[in-house]
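Novice: Before anything else, here's the structure in question.
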Amino acid sequence: MIAAKPPRNPNGAPNLVHFSHTWFVRALGLSIALFSCVLGVSAGTAFASPATSAAQGVLRRTVGSAASAFTLSDMPSDNGLDVFEIEASGGHVKVAGSSAVAIARGAYEYIRDACKLQVTWGRSHVELPHRLPNYARRQVVCPSKYRHYFNVCTFGYSTVWWDWKRWQEEIDWMALHGINMPLAMNGQEAVWQKVWRTYGIKDAQIQSYFSGPAFLPWHRMGNINSHAGPLQQSWIDGQAALQKQILTRERELQMTPVTPAFSGFVPPAFRSQHPSAQIVESSAWAGFEPTLLLNPRDPMYLEIGKKFVIEYQKMFGSDHLYLADVYNEMTPRLPAATKLDDLQATGDAVYKAILAGDPKGTWVMQGWLFYNDRGFWGEKETDAFLKAVPDDRMIIIDLACDSMEIWRAQPAVRKKQWIYCTLHNFGETTTLFGNLKEYADRPIRALKDKDHGGMVGMGITPEGIEQNPIVYELATDTMWRDEAVDLQSWVENYAEARYGVSNPAIKEAWTKIIKAVYGGGYLPEGAHFMVRPGPDFGSEPSAEASEIRQSIELLLSASRLVGPNHLYRQDLVDLMKRYLEEVGAAYWYAALSDRDSNQADGFTLRTAEFFKSLDDLDKLLGTIPEYRLSTWVQNARQWGRNKKEEDQLEQNAKMQVTVWGGPDLHDYAWKEWSGLVSGFYRERWTRFLRFMLSSGTKPLKMAEWNRTIAEWELGWSQTIGLTNDATPDDPVDYVKKLLDRYPLPKIAQSEPGIAVGKPVKVSGGTEPGHDPEQAVDGRLSGGYWAAHPYPQWLQIDLEKVEDIDRVDLYTYHDGERYYQYTIEVSVDGQNWTKVVDESKNTIPAPTRGKVYRFKPTDARFVRVNMLFNSANVGVHITEVKVFRHSP
């Protein structure tokens with residue numbers, strides 16, 4: 001619900017655009033300026049429209065004075081849909097569009113596709129050629145009315161510490177990528193402060209009700225109160241001023257920002273001030289105390305909602321789209337007899353409260369609740385909740401279509417206006433991962449589906465950004481298409497634009513990168529060192545590790561050609577961190593194997609190698625300013641007015657990326673950052689190693705370990721100050737050193753068994769991108785079979801009767817969840833014999849899988865019956881290995 005940060009403070013922020021103006025003046029001279037004046041349509045002239053003027057501002061901030069080579073003009077929409085047109089000749093580019101965003105998107109497609117340049121997070125590769133290339137006239141009609149951006153959580157995991165400079169860069173990124181419907185969540189606490197004051201609540205009570213800045217998104221959704229607070233008045237005032245700048249710029253660009261509304265949650269002090277108010281406790285969230293929810297039938301519900309919308313409009317204006325989420329990751333606590341009526345009353349109250357404050361208002365809500373709590377939200381419940389709202393006055397953000405398309409499962413959702421969204425990232429974790437083919441194909445399939453109902457757009461809803469830029473470049477491209485891209489050629493063009501050259505080694509490298517990194521599921525794999533240590537962590541080297549190493553070697557072979565390019569250097573560091581993490585995980589895996597077999601010398605050697613890999617990883621990450629904990633902390637501290645406020649903000653920043661809060665969310669928002677690896681993760685592993693050694697041959701007392709390490713983690717997050725950043729090496733040179741230092745470990749991997757590639761059947765419920773064949777592909781990393789809800793079964797056909805005596809089962813693992821299951825075998829597929837019974841298991845799923853031996857048995861079919869998952873309603877099998885009996 002969390003990726004590397006670019007420096008954003010005034011003293012350390014990099015210039016997102018590296019651009020030299022002098023060549024342009026020499027190349028084009030006064031002729032372009034005169035030509036633009038004669039035409040009278042270039043933004044910045046007396047004849048510029050609001051749309052062209054705003055788009056020209058984006059171009060000036062992106063390419064500097066070369067923006068004058070672009071003549072921008074207006075054109076009508078295509079039946080209400082955005083459209084742009086591009087044409088270039090003689091070193092001059094003409095872009096027309098139906099909105100400022102359409103014009104900016106058209107200009108970017110020219111910059112990227114014709115000039116082979118790229119605008120992305122952190123720093124961009126934007127150095128236009130001396131003479132702008134010709135470009136045949138091309139018109140694009142966007143099939144999506146809305147192109148949505150942001151997840152509510154992004155305002156905690158990514159944007160929380162941004163200043164106006166950084167926000168301006170992001171809004172320009174949005175315009176260039178064609179976004180026209182961003183969430184705009186900043187500054188609302190200033191409005192709530194005004195509202196709650198009118199109900200007799202004092203400022204100190206209001207500020208203590210709010211959470212700390214890093215946790216505000218979850219407070220706004222009613223999940224938590226007061227956590228890591230109180231919220232300082234300077235923050236409330238500063239964010240309100242910032243929100244005015246954000247909304248002004250977004251509106252100049254003719255975007256339609258989505259702003260907040262009342263979703264029913266009230267402060268504890270409200271109950272004491274208004275004892276007759278009908279208030280109930282929420283179902284609570286992630287181990288935190290329940291929050292307070294006003295009964296939607298209470299007349300004060302409409303009154304508060306109306307008052308908030310009116311006060312919001314006074315302070316910030318309105319674009320008539322209002323976000324309200326009532327049951328985010330919480331189950332409605334309603335009597336069974338009145339459940340459907342109560343749900344309808346809730347939906348009706350939220351909508352009418354918006355309408356009371358703004359008669360033109362439309363309710364926007366995230367559809368995540370229907371996915372997250374599938375046990376509660378059946379078709380009847382969903383229909384009841386939504387039925388009171390007119391279909392054209394509601395927009396549902398189908399938040400995570402890459403994991404489950406709610407619009408397909410819920411008829412009531414597709415009756416409304418809804419937006420197809422790709423979530424991709426949880427917690428702004430920084431691992432390289434994703435499934436590009438799914439991101440390219442599935443939104444287009446939804447667009448073309450004759451039963452897609454009220455689909456009005458596409459969106460990207462990552463919990464955190466500034467990671468895996470290829471995913472977001474592809475997703476924003478898809479928003480502007482009605483046909484899926486040819487992925488191979490698209491990736492080649494992406495790499496060429498990213499580095500500014502066409503090179504065979506780079507093409508081959510990216511072919512391997514896509515295969516190794518971007519063909520998997522919707523959750524990241526790897527980076528075991530960032531999870532709280534336990535006895536089953538580490539892993540065998542994955543099948544992808546060799547591909548990743550080869551891709552690094554290929555990219556390094558082009559270093560003389562593109563070495564100074566920051567995006568190239570960042571990609572090298574990203575790939576090298578993934579490779580080094582694979583190596584480190586293999587060292588730990590081998591150390592545990594040596595410990596199991598009483599090989600003390602081997603255990604000592606392997607653990608030393610593991611810690612050395614963490615030291616080198618920390619130094620590697622320090623070569624990129626965006627990948628340093630100090631950057632995150634410095635950006636937080638800049639919002640404080642004095643040392644006391646700065647220290648509280650630093651604690652907020654450290655808490656979020658480590659312990660988070662409550663019993664369930666530690667390590668949710670993990671980061672591969674220099675300073676965090678050395679200062680937090682390494683020290684935690686050091687303590688775990690001491691704990692293991694002190695236990696000798698006795699079983700580890702994990703409850704004791706988890707209790708004591710949680711105390712240390714919280715203490716670390718509350719410390720003030722950081723170790724000084726080491727003087728960074730050149731990233732290209734350091735990657736070369738690490739590649740020589742760390743060959744792929746030759747650690748014996750377990751045998752693949754006889755089930756690899758065999759036919760499989762399942763009971764149903766398979767999630768997109770997690771086909772059952774992934775459970776018999778011979779790989780212990782990358783993809784896995786996933787289905788919901790439990791119970792589900794997976795059956796393997798060995799294609800002939802075999803004499804077997806062993807099955808190894810690898811499930812998804814996170815150190816905490818456990819699965820319950822049985823394994824059966826059969827000769828004919830009709831009569832089954834149970835050979836494994838884990839139906840009462842409560843031991844967390846281990847990284848190294850579970851090995852089950854049994855007496856030799858004839859079997860053609862092997863079936864795994866997944867009965868229960870302690871973490872959620874899904875089941876997940878990475879691999880099933882079956883072995884013949886060996887006398």
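Novice: Which one of the conditions (1) open to solvent by 20 Å² or more (accessible area, probe 1.4 Å); (2) within 32 Å of the chain's Cα centre (by Cα); (3) not charged (D, E, K, R) does Thr811 fail to meet, given that it meets all the rest?
Specialist: Going through the list (1) open to solvent by 20 Å² or more (accessible area, probe 1.4 Å); (2) within 32 Å of the chain's Cα centre (by Cα); (3) not charged (D, E, K, R), Thr811 breaks only (1).
Novice: Moving on to the next point. So in the stretch 58-108, with the set limited to residues that are open to solvent by 10 Å² or more (accessible area, probe 1.4 Å) and assigned to a helix (DSSP H, G or I), which one is farthest from Pro143 (Cα to Cα)?
Specialist: Checking each candidate, the answer is Ser65.
Novice: Does the stretch 467-477 contain any residue that is aromatic (Phe, Trp, Tyr) and open to solvent by less than 10 Å² (accessible area, probe 1.4 Å)?
Specialist: Pass one, the stretch 467-477, residues aromatic (Phe, Trp, Tyr): 472.
Pick out the ones that are also open to solvent by less than 10 Å² (accessible area, probe 1.4 Å) and you get 472.
For the stretch 467-477, residues aromatic (Phe, Trp, Tyr) and open to solvent by less than 10 Å² (accessible area, probe 1.4 Å): present.
Novice: Show the residue pairs meeting these rules: Cβ distance below 7 Å; 6+ apart or different chains; first residue within the stretch 525-542 and within 17 Å of Val677 (Cα to Cα) and basic (Lys, Arg); second residue at pLDDT 75 or above and assigned to a loop (DSSP other than H, G, I, E, B).
Specialist: Arg532/His666; Arg532/Asp667
Novice: Looking at Thr382, Thr338, Thr431, Thr362 in this structure, which one is among the β-branched types (Val, Ile, Thr) and under 30 Å from Lys515 (Cα atoms)?
Specialist: Answer to the selection: Thr431.
Novice: Then there is this: State whether one or more residues within the stretch 215-233 are at positive phi, open to solvent by less than 40 Å² (accessible area, probe 1.4 Å) and small (Gly, Ala, Ser). So that I can check it myself, show each step before the final result.
Specialist: Initial filter on the stretch 215-233 (at positive phi): 222, 226, 228.
Narrowing the set further to residues that are open to solvent by less than 40 Å² (accessible area, probe 1.4 Å) leaves 222, 228.
Those left that are additionally small (Gly, Ala, Ser): 222, 228.
Yes.
Novice: Given the criterion open to solvent by 70 Å² or more (accessible area, probe 1.4 Å), part of a strand (DSSP E or B) and touching a strand residue (DSSP E or B) at 6+ places or on another chain (Cβ under 9 Å), identify the matching residue among Asp828, Asp837.
Specialist: Working: Asp828 fails: part of a strand (DSSP E or B).
Criteria check complete, one pass: Asp837.
Novice: Against the condition on the phi < 0 side of the Ramachandran plot, modelled with pLDDT under 95 and either open to solvent by less than 20 Å² (accessible area, probe 1.4 Å) or basic (Lys, Arg) (or both), how does Arg863 come out, does it pass? Can you show your working first?
Specialist: Values: on the phi < 0 side of the Ramachandran plot: yes; modelled with pLDDT under 95: no; either open to solvent by less than 20 Å² (accessible area, probe 1.4 Å) or basic (Lys, Arg) (or both): yes.
When the stated conditions are applied, Arg863 does not pass them.
Novice: Right, here's the next one. So His770 clears everything in (1) within 30 Å of Met404 (Cα to Cα); (2) out of contact with any helix residue (DSSP H, G or I) (no Cβ under 7 Å at 6 or more places or on another chain); (3) open to solvent by 70 Å² or more (accessible area, probe 1.4 Å) except one condition, right? Which one?
Specialist: The one condition His770 does not meet is (3).
Novice: Report, by residue number, each residue of the stretch 271-305 that is in a strand (DSSP E or B) and surrounded by fewer than 16 Cβ atoms within 10 Å (Cβ to Cβ). Outline the logic, then answer.
Specialist: Keep residues of the stretch 271-305 that are in a strand (DSSP E or B), which gives 279-281, 292-294.
Result: Val280, Glu281.
Novice: Do the conditions hold for Pro728, that is, is it open to solvent by less than 70 Å² (accessible area, probe 1.4 Å) and part of a loop (DSSP other than H, G, I, E, B)?
Specialist: Details: open to solvent by less than 70 Å² (accessible area, probe 1.4 Å): yes; part of a loop (DSSP other than H, G, I, E, B): yes.
Against the criterion (open to solvent by less than 70 Å² (accessible area, probe 1.4 Å) and part of a loop (DSSP other than H, G, I, E, B)), Pro728 qualifies.
Novice: How about the stretch 598-622: which of its residues are open to solvent by 20 Å² or more (accessible area, probe 1.4 Å), of a type in the set (S, T, N, Q) and touching a helix residue (DSSP H, G or I) at 6+ places or on another chain (Cβ under 9 Å)?
Specialist: Gln599, Thr604 - these are the residues of the stretch 598-622 that are open to solvent by 20 Å² or more (accessible area, probe 1.4 Å), of a type in the set (S, T, N, Q) and touching a helix residue (DSSP H, G or I) at 6+ places or on another chain (Cβ under 9 Å).
Novice: Still on this structure, I have one more. Would you pick out the residues in the stretch 237-270 that are under 30 Å from the mean Cα position of the chain (by Cα), over 23 Å from Trp161 (Cα atoms) and in a helix (DSSP H, G or I)?
Specialist: Scanning the stretch 237-270 gives a single hit, Glu252.
Novice: In the set Ala543, Ala505, Ala527, which member is in contact with a helix residue (DSSP H, G or I) (Cβ under 8 Å, 6 or more places away or on another chain) and either over 27 Å from Val659 (Cα atoms) or at pLDDT 95 or above (or both)? Lay out the reasoning, then the answer.
Specialist: Working: Ala543 fails: in contact with a helix residue (DSSP H, G or I) (Cβ under 8 Å, 6 or more places away or on another chain); Ala527 fails: either over 27 Å from Val659 (Cα atoms) or at pLDDT 95 or above (or both).
Just one listed residue meets the conditions, Ala505.
The values are calculated or read from the model by the stated rules, or taken from the named source; none is laboratory data. All values reported here derive from a predicted model rather than from experimental measurement. Quick reminder, even Gly has a Cβ in these numbers, built from the backbone with ideal geometry, and neighbours come from all protein chains shown. We work out accessible area using only protein heavy atoms, side chains counted, and drop any ligands, DNA or RNA first. Shrake-Rupley method; radii C 1.70, N 1.55, O 1.52, S 1.80 Å.
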